[in-house]
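Heads up, the thing below is written out as C-alpha cells.
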Amino acid sequence: NAWFETVFEDNLARYPMYQTYLGRKTNYGEWNDASPEYERESYEIGQAALDYMHENFDFDALDDSARLSWRLFEYDAQREAEGWRWRDHGYTFTPRSGPHMNAPTFMINNHRVDTVSDAEAYIQRLQGMGAYMDQSIANSRRSAELGVVTPHWTYQPMIQTARNIISGAPFDDSGEDSPLLADFRCKVDALDIEQAEKDRLIAEAETALTEAVAPAYDRVIALFEEQEAAASEDDGVWKHPDGGEFYNYLLNGYTTMDLSAEEIHQLGLSEV
C-alpha cells in the first residue's frame, strides 16, 4: 500500500493540472506537458512500475483490498500497453472536448484564487497557454498525417467555440469581459487587498490574454480551418487506418470482454 501511494504521488508530480483538480496548489502556474516525448516517458515509467510490482510483491500474501489494488494497477498498465499503438488515433480536438474548451474551463472551474500568489499563478498559466496549445496543435497534425481527422461538420462548432474564448475585453471593444477576464476579475475582486494591487493583477492578466492567449487561439482556429478544407463527411473510426482494430480495442475497454461489435449489437437486440 505504501508503494502504491509512492507510485501515485510520483505520477501526480508529473501533471500540474491533475494536482489542481485535486485541490493542490503545487506547480500552480503550470500546464501539463502534452508532448509525445513526455507521453512516452510516462508510458515507460508506468510499465516499469508494473514490472517492479510483479518482481517485488507476492500477490498471494496480500489481503483482499491490496489484491484488488494489484489487479486494478495491473489492468490499467496492461491496457496502456495494448493501447500504445493507438496513441495518435484519438481526436485532440472535438466539438465536445479538447484543449480549446478544456483549458479555459479548467481555469474557471479549478484554478482557485485565495491569495495574490494564486492570482499570479493564474497569470502565469495564461502566459503559458500558447505553448500548451501549440503542443496540442502538433498532436492534432500528427494524427492527421495518419488520416485521423474529425468529419467536416465538426469544424464550424469548434471554430465558434474558439472564437468565443477570445471575444470581449481585452480582445475587442464590446464593453463586456471575455470569459477568462471575467473569471479572473471576479476572483481578484474577492481578495482582501488594496485596489491598486487588484488593478496591477488585472492589467497583467489583460496583457497575457492579448499577447499569449489570443495568438494561441488564432493558431487553433487556423488549424481548424486548414483541416476543415480537407475533411470528408465520413463519420466513424472505420475510415481511419486499422480503424476496425482500433474500434475493437475501444470496445474491449468499455466492456472488459472480447465481444465484437456485431455480438454486442445482437445482444442489445435480444435484450430489448
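Does residue 96 satisfy the condition of being basic (Lys, Arg) and open to solvent by less than 10 Å² (accessible area, probe 1.4 Å)? Outline the logic, then answer.
Numbers: basic (Lys, Arg): yes; open to solvent by less than 10 Å² (accessible area, probe 1.4 Å): no.
For residue 96, the condition - basic (Lys, Arg) and open to solvent by less than 10 Å² (accessible area, probe 1.4 Å) - is not met.
Assess whether residue 223 counts as being under 30 Å from residue 78 (Cα atoms), aliphatic (A, V, I, L, M), at pLDDT 90 or above and part of a helix (DSSP H, G or I).
Values: under 30 Å from residue 78 (Cα atoms): no; aliphatic (A, V, I, L, M): yes; at pLDDT 90 or above: yes; part of a helix (DSSP H, G or I): yes.
So residue 223 does not fit the description; no.
Quick test for you: out of 5, 74, pick the one residue that is acidic (Asp, Glu), part of a helix (DSSP H, G or I), open to solvent by 70 Å² or more (accessible area, probe 1.4 Å) and farther than 19 Å from residue 131 by Cβ. Before you say what the answer is, go through the steps one by one.
Working: 74 fails: open to solvent by 70 Å² or more (accessible area, probe 1.4 Å).
Every option except 5 fails the conditions.
Taking region 26-49, which residues are under 22 Å from the mean Cα position of the chain (by Cα) and of a type in the set (Gly, Ala, Ser)?
29, 34, 35, 42, 46
Can you say whether residue 122 is open to solvent by less than 50 Å² (accessible area, probe 1.4 Å), touching a Lys or Arg at 6+ places or on another chain (Cβ under 9 Å) and under 26 Å from residue 163 (Cα atoms), as far as the supplied structure shows?
Working: open to solvent by less than 50 Å² (accessible area, probe 1.4 Å): yes; touching a Lys or Arg at 6+ places or on another chain (Cβ under 9 Å): yes; under 26 Å from residue 163 (Cα atoms): yes.
When the stated conditions are applied, residue 122 passes them.
Identify all residues within region 9-40 that are open to solvent by 80 Å² or more (accessible area, probe 1.4 Å) and either in a helix (DSSP H, G or I) or under 22 Å from residue 79 (Cβ atoms) (or both); write none if there are none.
10, 18, 21, 37, 40, listed by residue number.
For region 50-86, which residues satisfy the criterion of being under 27 Å from the mean Cα position of the chain (by Cα) and among the basic types (Lys, Arg)?
Matches in region 50-86: 71, 79, 85.
Please determine, by comparing only the residues of region 60-71 that are in a helix (DSSP H, G or I) and either among the acidic types (Asp, Glu) or modelled with pLDDT under 95 (or both), which one is nearest to residue 217 (Cα to Cα).
Keep residues of region 60-71 that are in a helix (DSSP H, G or I), which gives 60-61, 64-71.
Narrowing further to those that are either among the acidic types (Asp, Glu) or modelled with pLDDT under 95 (or both): 60, 64.
Numbers: 60: 53, 64: 50 Å.
Top of the filtered list is 64.
Conditions: (1) touching a residue at least 60 places away in the same chain (Cβ under 8 Å); (2) open to solvent by 60 Å² or more (accessible area, probe 1.4 Å); (3) in a helix (DSSP H, G or I). Residue 234 meets all but one. Number of the miss?
Unmet for residue 234, out of (1) touching a residue at least 60 places away in the same chain (Cβ under 8 Å); (2) open to solvent by 60 Å² or more (accessible area, probe 1.4 Å); (3) in a helix (DSSP H, G or I): (3).
Give me the helices (runs of 4 or more DSSP H) completely within region 86-165, filtered to those with at least 1 residues that are basic (Lys, Arg), ordered by residue number.
Details: elements: 99-110, 116-145, 155-165.
Ranges flagged: 116-145, 155-165.
For residue 59, work out the one condition from (1) within 30 Å of residue 138 (Cβ to Cβ); (2) open to solvent by 50 Å² or more (accessible area, probe 1.4 Å); (3) touching a Phe, Trp or Tyr at 6+ places or on another chain (Cβ under 9 Å) it doesn't fulfil.
(1)
Could we say that residue 147 is open to solvent by less than 80 Å² (accessible area, probe 1.4 Å) and within 20 Å of residue 39 (Cα to Cα) here?
No, not satisfied.
The values are calculated or read from the model by the stated rules, or taken from the named source; none is laboratory data. Since this is a predicted model, take the numbers as computed values, not measurements. Counting neighbours? That spans all protein chains shown, and the Cβs are built from the backbone with ideal geometry, glycine included. Only protein heavy atoms, including side chains, enter the accessible area calculation; ligands, DNA and RNA are left aside. Shrake-Rupley method; radii C 1.70, N 1.55, O 1.52, S 1.80 Å.
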